[in-house]
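Worksheet: the structure to be examined is printed underneath.
The values are calculated or read from the model by the stated rules, or taken from the named source; none is laboratory data. Quick caveat, the model's predicted, so the values are computed rather than measured. Quick reminder, even Gly has a Cβ in these numbers, built from the backbone with ideal geometry, and neighbours come from all protein chains shown.
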Amino acid sequence: MVKQMRNKNHKFSVNSTKLNALALAGILSLSACGGSGDDETTPTPEEKVYPSYTDITASGGDTTTYDASESGHGFSTPAPNLTADELALHLDGDLGFETAFTTAPNPAHPDLDGLGPVFNNADCNSCHQRDGRNSTPQVATGETRVKLGSEAGIFLRISKAPDEPCITGTAANNYCAPIAVPDFGGQLFHRGVLKARSDWQQNMFIGQADVYLSYETKTVTYADGTSVTLKKPLFDVENPYDAPGETKSSSNVTSNLLQDDVLMGWRNGMPVFGLGLLEAIPEADIVANVDAEDSNNDDISGRANYVFDAVKAQNGDSNPVSLGRFGWKANTPSVRVQSLGALRGDIGITNPLFPDESIKGTALHDDYLVRTGFTDTGEGIDGEPEANAEFSDSVVFYAETLAVPARRNVTDPDVREGARLFEQLNCSGCHTPSFVTKASGDIGGTEMIAGHKSQTIYPFTDMLLHDMGDELADGRPDFLADGNEWRTRPLWGIGLTQTVNPQAGFLHDGRAATLEEAILWHGGEAQQSTDDFMALNADERAQVVDFLMSL
């Protein structure tokens, strides 16, 4: 840095020749320092450097749509580079995605039956409203909690606490999969068809248990005195089918679900656009960002999750394990496994990849079949799974081929400054801006389409697991992910989240009503970035949010 010059104002007497020489030397010296003759000179401002993605608009490469800016259906556009045949299959999948299923048997509409007998929602769209996030349940003024019902797009993952962390998945340890809760499974289904429970007269349309949601709040204050109130969801599980009326505070807890070693974690429905592109990122490029030992000392590690792959298992692979790419803890390897697993799990519709009911072999299911005489065993009247291959393939293809919305307002000075600050805060340390998809090969066991090949995309995710701190932790391991780790969420399209659904929230349980709140919840490996964000002035904080809203 150039040192500023000061006039010492010394008194001296010189002849005119010396005076002229000294004056000339002083002028040259001041010129060299950028001075203007003042007592103190102003250094040249440091030129701002903007990251390479500042001006990018085509977030999804050739799959980008530019017609989503102010639309409530901004996430529901087919990728513009689909062929005519691919578009037709996509539209078939769109219809399947919105299909509401009914209780089996339904002789009038056998193609629609198979719902449940316990479930979380009756169609895909209810958890992924308009292909985005679901609405965050609200507790009414004057109430302390709300009971989850048909309007809820969130559910609870459940599992038994392992005796010790699982390090490497093998057939002997079930590939480190979560340990199912006896007579319940790995997901809590709070809704049920009529007569799902033996006590259905008192618990009509109730599933495995009742779930209640409440919130606790805390206040975060910036150095400038501005405060933000953050809310954290809490849940109570009561009235399980194996011990009706029982709660965690009952004097004698007998239900398998309410035991102290049962772990539970909220899960919020995610947006479903751009999934085929994320699936097409070369595995080597994802794994290249793994830094489990934090070798570069930036306090960010990043770990890959390796999970059971039902497609590989169905194909007879001796080691049915793949890199986890999807789900809040990167616990599913492909769009096919994610989509068809949700079809069977969230709705109760069996399919060629998951032909058994999610609660098969539980006391609830066995009793339901015997007591009602219904034939809801997971097979249709033709002896096949409730959703056939054609339906299943179209729904998977739909989720793989939704367009990615283009970025907006990239020339706005505040958006540009936000991009610079996003990089300065090292948010890109986890939210990796860009990847290039594979030039060839298959994804999820199916040959990738031409429109997904060799695309430069800007999802802003590294697809890896990161410890996000105790405040966001659910304490529940999932394959190799521990209870504090979450997969980095893609940020593309995030600015349209509440345009598509004004009631949507952010983070894995929808707790954040704004992007600012979501930032403030980041801890663990992101703590330094959060602290640095809090050190910004109000205008700079707003610029970071403006950048995120442009994505």
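Pick from the stretch 153-185 the residues that are free of Cβ contacts under 8 Å to residues at least 60 places away in the same chain and of a type in the set (Gly, Ala, Ser): which of them is nearest to Ser322 (Cα to Cα)?
Ala171
Among the residues of the stretch 206-230, how many are surrounded by 15 or more Cβ atoms within 10 Å (Cβ to Cβ) and either among the aromatic types (Phe, Trp, Tyr) or within 18 Å of Thr144 (Cβ to Cβ) (or both)?
Going through the stretch 206-230 one residue at a time, the tally reaches 7.
Could you pull out the residue among Gly493, Gly505, Gly524, Gly510 that is within 19 Å of the chain's Cα centre (by Cα) and over 26 Å from Gly60 (Cα atoms)?
Details: Gly493 fails: over 26 Å from Gly60 (Cα atoms); Gly505 fails: over 26 Å from Gly60 (Cα atoms); Gly510 fails: over 26 Å from Gly60 (Cα atoms).
Answer to the selection: Gly524.
I'd like the residue in the stretch 244-282 that is β-branched (Val, Ile, Thr) and surrounded by 14 or more Cβ atoms within 10 Å (Cβ to Cβ) and, out of all such residues, is farthest from the chain's Cα centre (by Cα).
So the first thing to find is which residues in the stretch 244-282 are β-branched (Val, Ile, Thr), and the list is 247, 253-254, 262, 272, 281.
Checking the rest, the ones that are also surrounded by 14 or more Cβ atoms within 10 Å (Cβ to Cβ) come to 247, 253, 262, 272, 281.
Working: Thr247: 31, Val253: 35, Val262: 24, Val272: 10, Ile281: 17 Å.
Taking the candidates together, the pick is Val253.
From the set of residues in the stretch 133-171 that are among the β-branched types (Val, Ile, Thr) and buried (at least 18 other Cβ atoms within 10 Å of the Cβ), which is nearest to the chain's Cα centre (by Cα)?
Step one: of the stretch 133-171, the residues among the β-branched types (Val, Ile, Thr) are 136, 139, 141, 144, 146, 154, 158, 167-168, 170.
Next, only the ones that are buried (at least 18 other Cβ atoms within 10 Å of the Cβ) stay: 136, 154, 158.
Numbers: Thr136: 15, Ile154: 13, Ile158: 18 Å.
In this case the residue turns out to be Ile154.
Let me confirm something: among Asp291, Asp236, which residue is outside any strand (DSSP E or B) and either out of contact with any Lys or Arg (no Cβ under 8 Å at 6 or more places or on another chain) or more than 27 Å from Glu400 (Cβ to Cβ) (or both)?
Details: Asp236 fails: outside any strand (DSSP E or B).
Asp291 is the lone residue from the list that is outside any strand (DSSP E or B) and either out of contact with any Lys or Arg (no Cβ under 8 Å at 6 or more places or on another chain) or more than 27 Å from Glu400 (Cβ to Cβ) (or both).
Please determine whether any residue of the stretch 87-109 is farther than 30 Å from Gly505 by Cβ, modelled with pLDDT of 95 or more and in a loop (DSSP other than H, G, I, E, B).
no
Mind telling me which of the residues Gly74, Gly60 ends up being at pLDDT 95 or above and in contact with a strand residue (DSSP E or B) (Cβ under 6 Å, 6 or more places away or on another chain)? So that I can check it myself, show each step before the final result.
Numbers: Gly74 fails: at pLDDT 95 or above.
Result: Gly60 is the single residue among Gly74, Gly60 that is at pLDDT 95 or above and in contact with a strand residue (DSSP E or B) (Cβ under 6 Å, 6 or more places away or on another chain).
For the stretch 134-173, how many residues meet the condition of being of a type in the set (Val, Ile, Thr) and outside any loop (DSSP other than H, G, I, E, B)?
Of the stretch 134-173, the ones of a type in the set (Val, Ile, Thr) are 136, 139, 141, 144, 146, 154, 158, 167-168, 170.
Adding the requirement that they be outside any loop (DSSP other than H, G, I, E, B) leaves 146, 154, 158.
Counting residues in the stretch 134-173 that are of a type in the set (Val, Ile, Thr) and outside any loop (DSSP other than H, G, I, E, B) gives 3.
Considering only residues that are part of a loop (DSSP other than H, G, I, E, B) and in contact with a helix residue (DSSP H, G or I) (Cβ under 6 Å, 6 or more places away or on another chain), which ones fall in the stretch 460-470? Before the answer, list the steps.
Our first condition is that a residue be part of a loop (DSSP other than H, G, I, E, B); within the stretch 460-470, this holds for 460-464, 468-470.
Of everything in the stretch 460-470, those that are part of a loop (DSSP other than H, G, I, E, B) and in contact with a helix residue (DSSP H, G or I) (Cβ under 6 Å, 6 or more places away or on another chain) turn out to be Met463, Met468, Gly469.
Glu400 - would you say it is at pLDDT below 95 and acidic (Asp, Glu)? Step through it out loud before you land on a result.
Working: at pLDDT below 95: no; acidic (Asp, Glu): yes.
No; evaluated as a whole, the condition is false for this residue.
Specify which of the listed residues (Gly451, Gly383) is part of a helix (DSSP H, G or I) and either surrounded by fewer than 17 Cβ atoms within 10 Å (Cβ to Cβ) or in contact with a helix residue (DSSP H, G or I) (Cβ under 7 Å, 6 or more places away or on another chain) (or both). So that I can check it myself, show each step before the final result.
On the way: Gly383 fails: part of a helix (DSSP H, G or I).
The conditions single out Gly451.
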